[in-house]
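Readers should treat all values here as calculations from the given coordinates under stated rules, not as data from a laboratory. Computed from a predicted structure; not experimentally measured. Virtual Cβ from ideal backbone geometry, glycine too; neighbours counted across all protein chains shown.
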Amino acid sequence: MSKTKKNPKTKQPDLAATAATEKLTSLGSSVLAKIYQKISEKNHTLHDDEPVLATTWAIGQQHVSDRDFYEELCYHMFAAGFSRQVVRDKWPAHRQAFADFDPSKVAMLDDDLIETLVTDKALIRNRRKLTAVITNARKLLVMINDHGSVDSWLRSYPEAEFYLLHRKLADTFDCVGRSAAEWFMLSTGLPYHFETNDARRLLGRLGLLPKGRKDESYNRVMQTLQAASGVSTWEISIDLWRFASGFRMQESICAEAPHCPKCPLWDDCDYFNQEN
Ligand code: SF4
């Protein structure tokens, strides 16, 4: 009997994505709000410290001027993949070396200055990142020129499209990857749903997010969940992440090896019906 070969160029329907979208729609606001409420209440029984705030990770106290935004961007660029405490301790020296992060002054610096800076033990001596401080100042000035200010540029994106801004930041600025772009957005108070593998895994097990998708579907699910529950972007992001990662709690619930007997979401969860 001859077998029919599949044409690899024929686009197969994304059944997992369709099923997740259908489930999200069919649950309705009251059920989604209840799911979030169960997560939040369980978290409160598992931690007893101060609330986790986005501003904990910021280097600046406020984000108003172009300088404030530029400094925050540079800080998260240096902090990515490095000890935040070391970067924070050395930060006064960076302010001194880079004209207190005035982007118009930094953009004028001579590229040869890097040869001196890479020998300065007071600084994070990463040539690529030190160079990126100067090149990114020049790139930021283009945005300022086009939009009037960094704030206006960032706010030119509707909230529902902040995932596009996240990509734009990572694509535009040197040495600013997805993680640094995300921390920049959170630290400057932009209502962006931060995306962790733990939270993705949780939403996947609940059947609300198809596996392996790295597109806007995460953002869409979070927006729907947030609209139903009426809490802030930060609150819902941190609650889902902590529930699945255990960050600063006694234990996680929906960890890599899930603690289902302790989980309040058993009735809402598809995990044991899924092919793993
Ligand atoms: S029931 Fe288990 S798999 Fe489902 S969300 Fe809870 S801990 Fe995770």
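Here are a few things to note about the model shown:
- Equivalent ellipsoid, region 54-96 (semi-axes from 5 times Cα gyration tensor eigenvalues, Å): 16, 12, 9
- Over region 117-262: Kirkwood hydrodynamic radius from C-alpha pairwise inverse distances, Å: 17.3 Å
- Relative contact order of region 59-187: 30 percent, from C-alpha pairs under 8 Å at least 6 residues apart in sequence.
- Whole-Hz couplings from phi, Karplus 6.51/-1.76/1.60, listed for region 148-165; x for Gly and Pro: x, 6, 5, 4, 5, 4, 4, 6, 6, 8, x, 3, 5, 10, 5, 5, 6, 5
- Note: relative contact order over the chain, using C-alpha pairs below 8 Å and six or more positions apart, is 26 percent.
- Over 26 Å between alpha carbons, listed pairs LYS211/LYS262; LYS38/LYS168; LYS34/LYS168; LYS34/LYS262; LYS168/LYS211: LYS38/LYS168; LYS34/LYS168
- Span from the region 216-270 Cα centroid across to the region 148-174 one, whole angstrom: 26 Å
- Quarter of Cα convex hull surface for region 105-176, i.e. mean projection, nm²: 5.5 nm²
- At most 10 other Cβ within 10 Å, DSSP loop - GluC sites (Glu not before Pro), region 66-119: none
- Under the Karplus curve 6.51 cos²θ - 1.76 cosθ + 1.60, θ = phi - 60°, whole-Hz ³J(HN,Hα) for region 167-184, x wherever Gly or Pro sits: 5, 4, 4, 5, 7, 7, 9, 5, 6, 10, x, 4, 5, 4, 5, 5, 5, 4
- Taking N as its residue count, the alpha carbon Rg of region 59-187 over 2.2 N^0.38 Å: 1.00
- DSSP-assigned coil residues among trypsin sites (Lys or Arg not before Pro) in region 98-190, each with at most 11 further Cβ atoms within 10 Å: LYS121
- Intensity falloff of region 159-231 expressed as log10 I(q)/I(0), Debye formula with alpha-carbon point scatterers, at q = 0.14, 0.24, 0.25 Å⁻¹: -0.45, -1.18, -1.24
- Rounded to the nearest angstrom and listed largest first, the equivalent-ellipsoid semi-axes of the chain from its Cα gyration tensor are 39, 23, 18.
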